[in-house]
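Taken together, the values in this text are just the output of simple stated rules run on the coordinates, not laboratory data. Note that the coordinates shown come from a computational prediction; the quantities given were computed from them, not determined experimentally. Here the Cβ is made from the backbone with ideal geometry for all residues, glycine too, and neighbour counts use every protein chain on show.
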Amino acid sequence: MKHLIRAAAGALLIPAFVLAAAPAQAQETFRIGFVNPDRVLREAQPAKTAQAKLEAEFLKREKDVTAQGDALKAASEKFEREAPTLSESQRTNRQRALVDQDRDFQRKRREFQEDLNSRKNEELQQVYERANRVVKQVAEAEKYDAILQEAIYINPKHDITDKVIKALNASVSSPAPAAGK
């Protein structure tokens, strides 16, 4: 019976202790902000500039690869139409040529895609680095304790994405500091 009374008294004291400490903690606020990186990549001028740069850089190669694919398709369709009238040796030679053409096309398409992905990653990395610097500047200027990039739910009043996009767009008009110089 004494153990039950002590346990009950101890249980009553713990919440009183926690409540007594709560006002001291309530005076210090913890500010959290949220940035939507997808919106930054869609709407910020540096991201749009990087996308335009990539499109200009790879436009000619993309057209060449597309033209080669179209030529291969046309040659394959022509072979299908003419195959019944060709001799066995002609059919074999044209099949071999089509297989070689297809192999070359697949290789060029794969190289194009790898080069495009590599350059895209380089450009996105630069945009991410700039965006992270801006996020840090906004967080320090507005005294945020934490900035999140992923959340299941965030109250819109904590979303600083618009501020980050505006700051990034403003930084486009002023030259960015050279890294490592």
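In this structure, N93 and K63 have a Cβ-Cβ separation that, at R0 = 25 Å, corresponds to a calculated FRET efficiency of about 0.25.
In this structure, the amide hydrogen of D159, modeled 1.01 Å from its nitrogen in the peptide plane, lies closer than 5 angstrom to those of F34, counting only residues at least 5 positions away or on a different chain. Expressed as a fraction of 2.2 N^0.38 Å, the C-alpha radius of gyration for segment 30-173 is 1.72.
In this simple spin-label model, placing a label point 7 Å from the Cα along the Cα-to-Cβ direction at both R31 and K136 gives a separation of 1.8 nm. Each residue, Q126 and I154, gets one label point 7 Å from its Cα in the Cβ direction; the gap between the two is 2.6 nm. The length gained on full extension between F105 and L54, counted as 0.36 nm times the residue separation minus their Cα-Cα distance, comes to 16.2 nm. Each residue of segment 56-66 is assigned a 3J(HN,Hα), and the resulting list reads 5, 5, 10, 4, 4, 5, 5, 5, 4, 5, 5 Hz, derived from the Karplus form 6.51 cos²θ - 1.76 cosθ + 1.60 (θ = phi - 60°), x at Gly and Pro. Would you list, by chain and number, the lysines whose Cα falls below 29 Å from the Cα of K53, excluding same-chain residues fewer than 8 positions away? Excluding near neighbours in sequence, the set is K63, K108, K120, K136, K163, K166, K181. With the charge dipole of segment 32-152 set up from +1 on Lys and Arg Cβ and -1 on Asp and Glu Cβ about the Cα centre, the Cα lying farthest toward the positive end among the listed residues S87, G69, I147 is that of S87.
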